[in-house]
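J.: One structure is given below, represented as structure tokens, and several questions about it will come after.
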Amino acid sequence: AMDDLYELIKQRNRLETDPFIEIHQANATLLKQIDALKTKCNELERELVIEQEHHPADSTSNGGRGAVPQSLSLKQETKLREKLEKLQEELNEKLKQSAEEQSNILELTKEISSLKDLNVAQASTITNLKAENERKEKAIDHMTNELADAKSRTKLAEQQYTGLKNMIRVLQEENDTLKKENEQFSTRLVSEKEKMIDEMNKLTEMVDKYKREVDLLHSLKEQDDKRKSWFTLGSKGGQKEETDDKGDGESRKFGSVSVVVPSKPMHTIQAHQGEASCVQYDASGTDLVATGGADSIVQVWDTANGQLRQTLRGGSSNAILSCGISNGVVVAGGSDKTCRGWNLR
């Protein structure tokens with residue numbers, strides 16, 4: 001930028017100086033010529049004065065011979081006057097040329113002044129254009145940086161788009177797999193439900209069968225009691241009590257295997273703070289009972305002494321709806337649609 005400014009200053013100086021060099025040279029030449037002409041005029045005037053001083057003396061000294069020299073002096077005077085007039089004309093011509101050159105110099109000065117003003121205006125315009133060019137270059141650099149940033153963002157967006165496409169494809173594949181598994185599960189669930197319905201029907205039939213057997217046993221017992229009452233009217237009190245104890249034992253027999261149902265509870269425990277919703281006995285021989293309640297707690301009890309063996313918490317505040325225990329493993333299902341398992345060992 002400084003080099004360009006220096007070159008502009010040199011160019012302006014050349015434009016301002018070069019025309020004046022020729023003008024000054026021409027002016028100096030004219031001044032020299034004018035001085036030379038003035039010198040010649042002065043010399044001619046001196047010669048004329050000298051001649052005029054000499055001619056009157058010659059006329060008085062020569063007397064009658066004065067006519068011829070006088071004519072000669074007149075001729076010389078005439079020649080001198082002609083020379084003087086020529087020199088005066090040349091001087092006037094030179095002065096006129098000098099005046100014209102002065103007017104030309106003034107015009108050139110005006111033109112140079114206008115050129116200087118134009119040069120200053122052009123220099124300011126160039127400065128403004130350079131500043132504008134620098135601003136444009138900065139704007140171009142900024143736009144170039146933004147373009148590079150946009151390209152990098154576009155590339156990143158394309159990579160993210162490719163990743164999303166792959167993720168969507170994987171999710172679609174997983175969805176298809178889950179649909180197939182759901183269909184298989186639905187089919188298996190329907191088949192298992194049908195099997196459970198069949199088993200429930202079989203159990204219902206067995207229960208009806210057992211009810212009929214129980215009703216038959218009750219009727220047989222009533223008939224047996226009536227028959228025994230006929231034969232024991234005259235018996236003693238001890239025999240009567242023995243018969244009553246035997247009858248109570250027989251009345252508490254259940255099923256065809258003659259299992260005696262307990263007539264009173266072995267232990268009564270406060271298992272939960274709220275409602276006890278489920279209970280399950282471990283039939284594997286551990287003598288343990290699992291209970292679940294509305295307080296979201298599963299508790300394991302010892303049936304031998306009625307003592308609490310373990311308290312299990314699932315981390316939820318919802319009620320326990322069902323529970324199970326077998327071989328030291330406890331499971332429970334809650335109202336929060338979850339199922340949990342614990343290993344007591």
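J.: Hey, can you tell me all the residues within segment 336-345 that are open to solvent by 60 Å² or more (accessible area, probe 1.4 Å) and among the polar types (S, T, N, Q)?
T.: Answer for segment 336-345, where residues must be open to solvent by 60 Å² or more (accessible area, probe 1.4 Å) and among the polar types (S, T, N, Q): just N343.
J.: Being buried (at least 17 other Cβ atoms within 10 Å of the Cβ) and over 19 Å from G333 (Cβ atoms) is the filter here; which residues of segment 269-287 pass it?
T.: T286
J.: Could I ask something else about it? Out of all the residues in segment 289-302, is one or more out of contact with any helix residue (DSSP H, G or I) (no Cβ under 9 Å at 6 or more places or on another chain), in contact (Cβ under 8 Å) with a residue 12 or more places away in the chain, of a type in the set (A, V, I, L, M) and over 17 Å from R345 (Cα atoms)? Full working, then the answer.
T.: Of segment 289-302, the ones out of contact with any helix residue (DSSP H, G or I) (no Cβ under 9 Å at 6 or more places or on another chain) are 289-302.
This time we only want the ones that are in contact (Cβ under 8 Å) with a residue 12 or more places away in the chain, so: 289-302.
Going one step further and asking which of them are of a type in the set (A, V, I, L, M), we end up with 289-290, 294, 297-298, 300.
Cutting the leftovers down to over 17 Å from R345 (Cα atoms) gives us 294, 297.
Yes, that holds for at least one residue.
J.: Moving on to the next point. Whether any residue in segment 253-260 is among the basic types (K, R) and either outside any strand (DSSP E or B) or modelled with pLDDT of 60 or more (or both) is what I want to check.
T.: Start the filter on segment 253-260 by keeping residues that are among the basic types (K, R), which leaves 253.
Narrowing further to those that are either outside any strand (DSSP E or B) or modelled with pLDDT of 60 or more (or both): none.
So far as segment 253-260 goes, no, none of its residues is among the basic types (K, R) and either outside any strand (DSSP E or B) or modelled with pLDDT of 60 or more (or both).
J.: Here's a follow-up. Name every residue in segment 303-319 that is surrounded by 13 or more Cβ atoms within 10 Å (Cβ to Cβ), modelled with pLDDT of 90 or more and either more than 13 Å from L344 (Cα to Cα) or polar (S, T, N, Q) (or both), in order of residue number.
T.: Q310
J.: Looking at E192, E107, E132, E101 in this structure, which one is open to solvent by 90 Å² or more (accessible area, probe 1.4 Å) and either part of a helix (DSSP H, G or I) or charged (D, E, K, R) (or both)? Let's see the steps before the verdict.
T.: Values: E192 fails: open to solvent by 90 Å² or more (accessible area, probe 1.4 Å); E132 fails: open to solvent by 90 Å² or more (accessible area, probe 1.4 Å); E101 fails: open to solvent by 90 Å² or more (accessible area, probe 1.4 Å).
None of the others qualify; the one that does is E107.
J.: Please work out if A57 is at pLDDT below 70, open to solvent by less than 70 Å² (accessible area, probe 1.4 Å) and either touching a Phe, Trp or Tyr at 6+ places or on another chain (Cβ under 9 Å) or aliphatic (A, V, I, L, M) (or both). Let's see the steps before the verdict.
T.: Working: at pLDDT below 70: yes; open to solvent by less than 70 Å² (accessible area, probe 1.4 Å): yes; either touching a Phe, Trp or Tyr at 6+ places or on another chain (Cβ under 9 Å) or aliphatic (A, V, I, L, M) (or both): yes.
Here the answer is yes, as A57 does meet what is asked.
J.: Condition test on A150, is it assigned to a helix (DSSP H, G or I), more than 30 Å from K10 (Cβ to Cβ) and open to solvent by less than 70 Å² (accessible area, probe 1.4 Å)?
T.: Values: assigned to a helix (DSSP H, G or I): yes; more than 30 Å from K10 (Cβ to Cβ): yes; open to solvent by less than 70 Å² (accessible area, probe 1.4 Å): yes.
Yes, satisfied.
J.: Also, quick follow-up: Within segment 158-180, track down each residue that is of a type in the set (D, E, K, R) and open to solvent by 100 Å² or more (accessible area, probe 1.4 Å).
T.: Kept after step one, since they are of a type in the set (D, E, K, R), are these residues of segment 158-180: 158, 165, 169, 173-174, 176, 179-180.
E158, K165, R169, K179, K180 - these are the residues of segment 158-180 that are of a type in the set (D, E, K, R) and open to solvent by 100 Å² or more (accessible area, probe 1.4 Å).
The values are calculated or read from the model by the stated rules, or taken from the named source; none is laboratory data. Predicted model only: the values in this text are computed from it and were never measured. Cβ atoms come from the backbone with ideal geometry, glycine included; neighbour counts cover every protein chain shown. Just so you know, the surface numbers come from the protein's heavy atoms only, side chains and all, with ligands and any DNA or RNA stripped out. Shrake-Rupley method; radii C 1.70, N 1.55, O 1.52, S 1.80 Å.
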